[in-house]
Each structure stands twice: as structure tokens, then as C-alpha cells.
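Participant: Got a structure here, written out as C-alpha cells. Questions coming.
Derivation of every value follows stated rules applied to the coordinates shown; laboratory data play no part. Treat the numbers as computed from the prediction; the structure is a model and nothing was measured. Using ideal geometry, Cβ is built from the backbone for each residue, glycine included, and neighbour counts are taken over all protein chains shown.
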Amino acid sequence: MRRMLMGAGAAALAFGLGAGTAHAATPAWRITQATKHQGINDLTVAPTGSSWAVGEQTVNGKDRLLIQHLSGTTWKDVKLPANWSMPLKVIDASSSKNVWAFGEDGSVVRWNGKKWTSSKLAGGYHATDAEAISASDVWAVNGGGTARHWNGKKWVSVKLPAQVGSIHAVSAKNIWAAGSIGYTKGALIHWNGKAWKVAKTVTLPKPSDDATTTFMDVTVSGKSVWAVGSQSWECGVDGDDTCYKPLALRLTGTKAKTFVATKGVGYTKVAADGSGGAWILQGGWDPTFVHVTGDKLTSAAAPRPANYDVNLSTLENRPGTKTVWSAGGSYPEGDPDDPTGYGLYLSAG
């Protein structure tokens, strides 16, 4: 876990951003805010537009969780119970009165519009993604073959036909999740309100016996479902490197199209662009934003403060608009453990 110091460094970074010192990148994306915190792990935008983020911070040498809420154009800290210290990694909301966040130790925190409450998922279930559809309908997945479903009274375990780590809900009876079946099939599965079924799988030619294929994220844009990920395998002279084929799947009704890139690291996140296409985040450290319009893919490096690297972890569209958010952390070039790193928000549209 990276540590950080509060102080003059925050002002220096903020002034750097305001002065337009970001590296050249796609004109659509811009840095909108630097925070004095360690980093942002995830963010969500509810159908109502209510926007929330979770991250981490170090105060007086102690690690503390962070939840922020978008007020106007500024992300601001949310007051939380003083004794809370669980590391939150995932957040989702259906409105400003139904916000859920999940920690890697099984922690669950909930905002009902009046107060925060906390609980735990049985067995320390580590959610990697979640969808809050209503106060009585919440799903969490963790990359395995079971999901957890909140039915308004309790969390129940639901068996899945694939190992999935990402989930996206259109409605209570139209939910998509993505991951893999075994090690070689990228898998997209669907919930129709009664059962989970495999909707589409993708198998690529194997460049090596140890090659694996999986989808890392899923979303819906217009009439299409998008799943993104990669095929990866050990490579290099001594097998000490990892090679990738970035992979994206677009499913429109029963018609599927697969996009496979021949270079670069894997695709990690995907979000609707508000115009029927998609934004894809390629990689995490100093990543690339890929924009898909029709069958055309264009890409450019994510903007970053001068002399800083960035590590982006999330990508989210504001429903009904062309606004897309990304967030993560920024750290002095070549030193990801430098204590003067800071949280960062970017947006497009």
C-alpha cells in the first residue's frame, strides 16, 4: 500500500494541473481534479447522476478509508464514522439514497440517505465489482463462480455459469457479467430475472500453452453489450515477461464482433460514450484511452501531470450523457512508492 504525506506537495501538484502541464493526449480527456489523498479505487454514477468514489488516505501515519461525493464540479470528502478503517475497493449506487461500497476483507458499507451502516459478507467475500439496482436488489461478484445477491433481507449465494469479476445492470431483469470459462474462453453471461446463462464465449488461437483469455469489464452502450479484457501468456527470453492481445467483444442482439489488438497491454475497463460507442481503458499505469465508434478504434495516451506517472483504476459513464469519468492516482515518474503521490480525477465529454 502506497503511503503519502499531506502538505506543500498538494499545492504544487494542484498548481501544476491548473497551469496546463499535462502531457499531450487525446483532446477529449482532461484532468479535472487532484486530491490530497492516496488514490481513488473506484467510482460510480447513479442513473440519477449522483456520483460517488472510494479510495484510501493516510492521516497521521494511519490508513483510513475515503469516500467522496461529486458536488457540482468538485469531488468532496464524505464524513464517515471515526472508527471505520476497512479498505474499500468497489462502490455502486442507484441513487443518492442507495449507495453501497465493498472492501477486500468482505466489508460492506451502505448509505441510505440518512446514515452509514456497515456489515460483512460471509467468508470474507472480496467483491471485485457490484451493481446496486435498488435498496432490495444488489449484486456483488469476485472473479469466481458464485455471486452474492442482497434481496432486501440477507445476502444469498448464487451459482454462476462462469468465473466473473465484473457486472453491469440495465434493470433487475437485464444484467450482464463478464469473465471466463476455464482458462481459455472469455465469457459473457446474462441474468434475465430468473437464471444466469452464457450469452457468448470467445476463444483465441493460443500462442503458448500457458495462454489464458478473460474479460475484465462489461457495460451496455445503446443496443450493444461490450466486454473487454485480453489474452495473456509468458514470453521473453526466460519467460520473465508477459505478452498480451487486448480483446474486446461487442454483442448487438445475436450479432457479435470481436476486436483483437496485436500489441499493448490488456484492456481493463469499458464505459459507454453516450453516442452508442464505447471508451476503453488500456492498461493501468500511464494507460491509453481507446475510443470505439462503429468499427473504428482510435487511441491516445491518458493525460498526466508533468513529471508524474498515473495509475487509473476505473471508467464510468454518466447515464444519458456523453460525460465519462476516470480516476486513480498520480506519482512522481519512476517512483510509484513516493509518498507525494495523489489521487486524480479525469473526465471526457
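Participant: How high is the FRET efficiency between Trp285 and Lys153 when r is their beta carbon distance and R₀ equals 41 Å, given to the nearest 0.05?
Facilitator: Values: r = 42 Å, r/R0 = 1.03.
For Trp285 and Lys153, the calculated efficiency is 0.45.
Participant: Would you please give the residues with an amide H less than 5 Å from that of Leu160, counting only those at least 5 places away or on a separate chain, with H modeled from the backbone geometry?
Facilitator: Amide H to amide H, under 5 Å and 5 or more residues apart or across chains, Leu160 pairs with Thr146, Ala147.
Participant: Continuing with this model, one more query. Multiplying the sequence separation of Asp105 and Val198 by 0.36 nm and subtracting their Cα-Cα distance, what value in nm do you get?
Facilitator: Values: separation 93, 0.36 × 93 = 33.48 nm, distance 2.91 nm.
That works out to 30.6 nm of additional length.
Participant: List the aspartates and glutamates whose Cα lies under 12 Å from the Cα of Lys120, skipping any in the same chain that are fewer than 8 positions away.
Facilitator: Those aspartates and glutamates meeting the cut-off are Glu104, Asp105.
Participant: Sort 260-266, 118-124, 83-89 by packing, meaning the average of other beta carbons within 10 Å per residue, with the highest value first. Show your work: numbers first, answer last.
Facilitator: Values: 260-266: 14.6, 118-124: 12.9, 83-89: 16.4.
Most protected by this proxy first, the peptides run 83-89, 260-266, 118-124.
Participant: Based solely on its DSSP helices, what 222 nm [θ] is calculated for the chain when runs of n ≥ 4 H residues each add -39,500 (n - 2.57) and the sum is averaged over all residues, nearest 500 deg cm²/dmol? Write down the numbers at each step before the final one.
Facilitator: Working: 1 runs with 11 residues, N = 349.
For the chain, the value works out to -1000 deg cm²/dmol.
Participant: Percent relative contact order of the chain, based on C-alpha pairs within less than 8 angstrom and at least six residues apart?
Facilitator: Once divided by the residue count of the chain, the mean separation gives 16 percent.
Participant: Step through the residues of the range 168-183 one at a time and calculate ³J(HN,Hα) from phi using the Karplus curve (6.51 cos²θ - 1.76 cosθ + 1.60, θ = phi - 60°), rounding each to whole Hz and writing x for Gly and Pro.
Facilitator: Karplus-based 3J(HN,Hα) across the range 168-183 equals 9, 10, 8, 7, 5, 10, 8, 10, 10, 9, 9, x, 8, 10, x, 10 Hz.
Participant: Taking H as built 1.01 Å from N, whose amide H comes closer than 5 Å to the amide H of Ser94, not counting residues under 5 places away?
Facilitator: So Ser94 has HN proximity to no qualifying residue.
Participant: Kindly list the residues of the range 227-258 that lie in the label zone of Thr184, defined by a backbone N under 19 Å from the point 7 Å along the Cα-to-C-beta vector.
Facilitator: Flagged as within label range: 230-235, 243-247.
Participant: I've got another one for you. Work out the FRET efficiency for Ser171 and Asp77 from their Cβ-Cβ distance, taking R0 = 30 Å, and round it to the nearest 0.05.
Facilitator: Working: r = 32 Å, r/R0 = 1.08.
After rounding to 0.05, the efficiency reads 0.40.
Participant: Once you've got the GNM for the chain with C-alpha springs shorter than 10 Å, pick whichever of Gly186, Gly276, Gly239 has the biggest mean-square fluctuation.
Facilitator: Gly239
Participant: Quick query: amide H of Gly341 versus all other amide H atoms, modeled in the peptide plane; which residues come in under 5 Å with a sequence gap of 5 or more or a different chain?
Facilitator: Excluding prolines and chain starts, which carry no amide H, the hits are Leu5.
Participant: Work out from phi, with θ = phi - 60° and the Karplus expression 6.51 cos²θ - 1.76 cosθ + 1.60, the ³J(HN,Hα) of each residue of the range 213-218, listed in order in whole Hz, and give x for Gly and Pro.
Facilitator: Whole-Hz 3J(HN,Hα) from phi for the range 213-218: 10, 8, 9, 9, 7, 8.
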